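Let me begin by presenting the structure, written as structure tokens, before commenting on it.
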Amino acid sequence: MDGNYELEKRKYVIGGAAVVIIIVYLIRLFTLQLLSEDFKISADSNAFLKRIQYPARGAITDRNGKLLVYNQPAYDVMVIMSEQIGVDTLDLCESLDITRDWYERRMEEIKDRKRNPGYSSYTQQLFMSQLSTEEFSRFQEKLFRFPGFYIQKRSIRQYNYPNAAHLLGDIGEVNQADIDSDRYYRSGDYIGKLGVERSYEKALRGEKGMEILLRDARGRIKGRYQNGKFDEAPVPGRNLTMSIDLELQALGERLMTGKMGSIVAIEPSTGEVLCMVSSPTYDPRIMIGRQRGKSQRLLANDPRKPLLNRAIMGQYPPGSTFKTSQALTFLQEGIITPQTAYPCSRGFHFRGLKVGCHGHGSPLPLVPAIATSCNGYFCWGLYHMFANRKRYATVQDAMTTWKDYMVSMGFGYKLGIDLPGEKRGMIPNAPFYDKAYRNDWSGLTVISISIGQGEVNLTPLQIANLGATIANRGWYIVPHVVKEVQGMSLDTLYTKKRYTKVERKHYETVVSGMRQAVLGGTCRLANTSYYEVCGKTGTAQNPHGQDHSVFMGFAPRENPKIAICVYVENGTWGATYGVPIGALMMEQYINGKLSEASKARATQFENKHLYTPVEYSLQTVTQ
Amino acid sequence: MPQKQPRNKKKAPSLWGSLDWLTIFIYMVLLALGWMSVCGACYEFGGTTSILDFSTRSGMQIVWIGTSLLLAFLILMTDDRIFESLSYIIYIGFLGLLFVTPFLAHDIKGSLSWIKIGSFSVQPAEFAKFGVALCLAKVMSIYGFDVRNWRDFIICIALIVVPMGLIVMQKETGSALVYSALFLMLYREGMPGAILFTAISAVVYFVVGIRFGWLPVMLLIWVFTTGLVLVYVERGKLWRLWWLLPPPLLAIYLLYLSLRDRVMSYCLIALFALGSIGFFYSADFMLNHVMEQHQQTRIRVLLGLEDDPRGAGYNVIQAKIAIGSGGLEGKGFLNGTQTKLKYVPEQDTDFIFCTVGEEEGFIGCAIVLLLFLALILRLVHLAERQPYTFGRVYGYCVLSIFLFHVFINVGMVLGLTPVIGIPLPFFSYGGSSLWGFTILLFVFLRIDAGRNRLQR
């Protein structure tokens, strides 16, 4: 035995060292595991790959159940930069039918964090979008040769008919502004860009789902986390039923071939838009797939602006169709009675001011004045109203009253249709003229607004809505193109009646005038024995060229089913294009078909061009 | 009570009665927790094979555990004296085995320490610790042997350094470093504390020097030197202001004092100071010119000099993420994501503690660490109660090795010690290490069980 008991004390040094080590480690564990959440977050972002499950976008049908828009698979080529080393670029370009230049440019774009803020070399980046099924199958065969390249199936839109491009709109990849304004979107997502695709985006898109996958250190997927317990299934988008009647829309587009302008038809009792033609138009199918960019450039460069939806974005002088609103205002304000007659000797002559008119009997009371579209009558009416100092203290007061009537009829402001980009038109008010004429103006100064000229501008939709308001004898429902959103009730905006400031009895007078116009006035061409048509022509003066041809009408007179506005730019007289086209449209909608004679006339109008039409269809664009 | 047994009672207390069951209990619990961790580390999400399947590592680990228990039983069945008598033969046998290993080995990740026997690979370095421990115990129990004697001390060093060198030749620096743990045993047996102090000082200089530059090191040397003078020679005479001299001048002054006063301690302390300065300046040279690239990197990353998330630092970062994400209670058995998805490298061997941290949380980690502490403290107790030097030395060898493994392995996973690839006892997957630790422990338990035999 050693007998050196001094040494035995060293066991405390050794045991103490062990205790100190373990205590230090426990403190370290405590700080790592309990004091910081960072490691938990790092661990989750390490191991969980949250893969988005895209919902099917809602389908779109017309009011009769015809399928207009549906989904079709497309294939995006994705690339993971860190894995795509050693790829034969030449082979890749050949397989995808792209140039080397394009390849290099695209790669630069992907890596540019300014343009692609979500860039990471370890995650999939969009390399090329929307391969067709044939392109996909060709590329798929060779995919094994291109490590780092993947195919992601996407769903894109397909259109059954070449019509209603402006209404249906299209979808495209989200831009940075979309991502910034709605956190739902991520780079590469699709969003509605135009038409109902945009205005009903939230209903159509559904809700994305989320699949939580486990990813190992080399990025390989090792299965679903907890067998999908925390996955969220995508919610499919809602289907839309448009209020559009596809056949009516197609006929309208056919009739407007080679003419610029618009046709808007509304079901007066519901405010549902039955057709909305804007000409020139294009086949919506050219906006899908990879030719979208090319098509968009073509359309944007056309001086006739086919991308413009003239029905809601075109702001035109309404011409004589506007006289109906004037008659209603004067009647309601007591400026005239139905029996009041004003003289017209080929126009309105007063204190050196002259507004021309065509030959008709004189003096005329209101109904024949509407029927013959007498300029003089409405000029006198406005003159008497604006000069009435018993009723209005100043001309400004008169103007304000007048403006309020116009606004109550849906003019001067956006109606609120469920389409993006609607314009408000123009209804002048007193301050506007005070400024323009330095407070020195009278009814005579602004006399042309009474016949829908001068400062007054309406969209074709507002003109059609005027027709619907008259058809309803004093109210309208905000026009809308979507009749039903699956599983949702329509916005109350599109169900609530809005009354104008004019009583029903005055509307009856105006309706008589419009009926007279069809029976023996300017709209004789629209007369038919099947039902009672009421109408009003317009020949809107155009300082830049030929006058515009306008028709506003509705039918039948009692329980109207359709109110319509036809606006043909540079179509000269209202009766030249407006009335016959309007008549054909009403016949198509009310009878469900055209008679043989009407068919012939439709063909005749289809081929009657004001300019040489440019066709934007799949064949012409892909050439 | 045993002491009061009558002398004429010839029968020694039974083996089972004198076995230390507490140690065996801790051993069994650690084995069970270790197996759970291996399951966690090898489990494949969505995989179809059962964790008990022998094609999986968790299944194989059952085989290793089973054979280890069998081995433990066989050891307990032998006569404890056989180990003492065979210790030289065992030591020489292991030296021979270590010597031939690099020639027979097949290369596994640059290591030449594995030899193939049938379909199994065996790492002799894991077993050689046992031989070295036995041999040291035998040599040191020779009558008159004293570590404080320079000649005897050098014999001990030689017994340790020779196998270390052989293992370094197998490119297993980590396993070789384990033998340095035996200095702890030498300290217990009388090695001057100054040597241990010097060795630890060297490591501290190295770490501090690389991390913070020369000034703090000089400050440390000055503190150590002054402290030594005050403790060993001057006994608190602080009023002489010589101790304010900077270390090099201080050393020279101390040398002058030793010559003047003929006090050896001054000389030794001066040598310590000079040696410290020399060591520090050679350390930088060592790091940049002697060490291999990957070792340099590991040290630099450990000391926070290099941020290298995909290289050596990656392991440490991912280990910390895995452990840190466990929280208080962990994610639950087989629910860890970081370890299973292979973010943590070597997650079933060297980095197995990550699995404990991730799946069992702070509570699990604390239990494991406290069990290891209990094991080591129990072994200190057992070693101290040995009646003979042989048993005590062997016991200290065993506990020093366990302490070193736990210290380095857990410290590396926690980012506190360098990344040195050595297994965590009873946790890391693999037959060699489990068998090695089992043999080490149970031979000691068998020796301990024989402590009450009548005095020879």
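Summary of computed values
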{"read-out": "Partner aspartates and glutamates for A:Lys435 [C-alpha distance under 14 Å; skip if fewer than 8 residues away on the same chain]", "value": "A:Glu455"}
{"read-out": "Inter-label distance, nm, simple model (7 Å from Cα along the C-beta direction), B:Val223/A:Ala177", "value": "6.4 nm"}
{"read-out": "Set of lysines with alpha-carbon distance to A:Lys593 below 16 Å, sequence-local pairs under 8 removed", "value": "A:Lys561"}
{"read-out": "Helix A:504-520 vs. chain A, principal-axis angle (Cα, 0 to 90°, nearest 10)", "value": "70 degrees"}
{"read-out": "Global form of the protein assembly as shown, assessed from the alpha-carbon gyration tensor, a/c cut-off 1.5", "value": "prolate"}
{"read-out": "D_trans [Stokes-Einstein, Kirkwood Rh over alpha-carbon pairs] for the stretch B:80-169, 25 °C, 0.890 mPa s, µm² s⁻¹", "value": "173 µm²/s"}
{"read-out": "Shape of the stretch A:72-160, Cα gyration tensor, a/c cut at 1.5", "value": "oblate"}
{"read-out": "B:His294 versus B:Met264: modelled label distance in nm, points set 7 Å from Cα along the beta carbon direction", "value": "4.6 nm"}
{"read-out": "Reachable aspartates and glutamates, given that their alpha-carbon falls under 17 Å from the alpha-carbon of A:Lys153 and they are not under 8 places away in the same chain", "value": "A:Asp76, A:Glu134, A:Glu135, A:Glu141, A:Glu173, A:Asp189, A:Glu211"}
{"read-out": "Chain A: angle of helix A:292-301 to the longest principal axis, Cα-based, in degrees nearest 10", "value": "30 degrees"}
{"read-out": "FRET efficiency, A:Ile52 to A:Gln291 (Cβ-Cβ, R0 30 Å, nearest 0.05)", "value": "0.70"}
{"read-out": "Relative packing of peptides B:398-411, A:154-167 - highest average C-beta neighbours within 10 Å first", "value": "B:398-411, A:154-167"}
{"read-out": "Cα-only Debye scattering, chain A: base-10 log of I(q)/I(0) at q = 0.05, 0.06, 0.07 Å⁻¹", "value": "-0.34, -0.45, -0.57"}
{"read-out": "Label-to-label distance, nm, for residues given as A:Ile85 and B:Ser14 (7 Å Cα→Cβ offset)", "value": "6.7 nm"}
{"read-out": "Peptide B:322-333 - average C-beta neighbours from other chains (10 Å radius)", "value": "5"}
{"read-out": "R0 of 60 Å, Cβ-Cβ distance A:Ser137-B:Phe333: FRET efficiency to nearest 0.05", "value": "0.85"}
{"read-out": "Residues of the stretch A:285-313 with amide N under 16 Å of a point placed 7 Å along Cα→Cβ from A:Lys66", "value": "A:285"}
{"read-out": "10 Å Cβ neighbours from other chains, averaged over peptide A:34-40", "value": "5"}
{"read-out": "Bridge type composition, the protein assembly as shown - antiparallel percent by DSSP, nearest 5", "value": "95 percent"}
{"read-out": "Normalised convex hull volume, chain B, alpha-carbon set, Å³ per residue", "value": "185 Å³"}
{"read-out": "Residue-averaged [θ]222 nm for the protein assembly as shown, counting only DSSP H segments that reach four residues, each worth -39500 (n - 2.57)", "value": "-15000 deg cm²/dmol"}
{"read-out": "At R0 = 45 Å, FRET efficiency that the Cβ-Cβ distance of A:Asn559 and A:Lys208 yields, to 0.05", "value": "0.45"}
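Each reported figure results from applying straightforward, stated rules to the coordinates on display, with no laboratory input. These numbers come from a predicted model, not from an experiment. Backbone-built Cβ (ideal geometry, glycine too); neighbour counts: all protein chains shown.
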